[in-house]
1. Which one of GLY154, TRP202, PHE38 has its Cα pushed farthest toward the positive end of the charge dipole of the chain, where Lys and Arg give +1 and Asp and Glu give -1 at the Cβ?
2. Under the rule a/c < 1.5 gives rounded, and otherwise a/b versus b/c splits prolate from oblate, where does the range 19-130 land using the Cα gyration tensor?
3. Given 0.36 nm per residue, what is the gain on full extension from ASP177 to THR140 after removing their alpha carbon distance, in nm?
4. Give, rounded to the nearest 20 debye, the magnitude of the charge dipole that the chain has about its Cα centre when Lys and Arg contribute +1 at Cβ and Asp and Glu contribute -1 at Cβ.
5. Under the rule of at least 5 residues apart or a separate chain, name every residue whose amide H is placed under 5 Å from the amide H of ALA80.
6. With the cut-off at 1.5 for a/c, could you classify the chain from its C-alpha gyration tensor as rounded, prolate or oblate?
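Bear in mind that the values in this text are calculations on the coordinates, not laboratory data. Treat the numbers as computed from the prediction; the structure is a model and nothing was measured. As a convention, Cβ positions derive from the backbone with ideal geometry for all residues, glycine included, and neighbour counts pool all protein chains shown.
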Amino acid sequence: MIFIGILLCLNLFSTSIGWGNLQWPFSIQITAGDTTEFIYGRVWMDGVTNQPGQGAGITAEVGYGPQGSTPDSTWTWVAADYNTDVGNNDEYKQTLTVNTVGNYDYTYRYQYIGDTDWYIASERGTLTVNEQPPPTVNVTFQVDMQNQTVSENGVHLAGSFQGWDPGATEMTDPDLDEVYTVTLELTANDYHEFKYVNGNAWGSDESVP
């Protein structure tokens, strides 16, 4: 009795792309809702990218997903634009806009028309998305010094917003009406305490009833 074994090999990964990468940058920080700088990737396919200009039939995408995850369909992908030829490679570029605070990985993937799979670059970049800073407003402080002898060290403002330093924030009287002013950018919808100082040291600050 003779047994004949037949081994059937299936190619489960089908891509015509010969090589592709994440070129740079490899680390980006933005605030939520902002757009990154351009992210670049390069791709090579024999007989396609070594021709002048953009190689026909190639799609390039840059995408991001949770840090440490595998680049797949759960990532967010954005089509990249052809940038230039670099030797036999085509270079692509694109930005990302991320609205959710967190840490992410990003990379490039490439596909040739008719292929069923993507060529995913082995390099990973790190994207850190920080919270938006709180809104601010301009606040103008004024103090009338008409009935005071102004110190030779001037008039200052001290407060919780600048570390209660009596000599750090000088007030001025540009129109010489003896009303001293200063305008500061402070966090909106926040509680601030302050005192006016006739001079630049404690002991000459106002007495609040």
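1. PHE38
2. prolate
3. 11.7 nm
4. 1320
5. Here the answer is ALA60, GLU61, VAL62, since their amide H atoms fall under 5 Å of that of ALA80.
6. prolate
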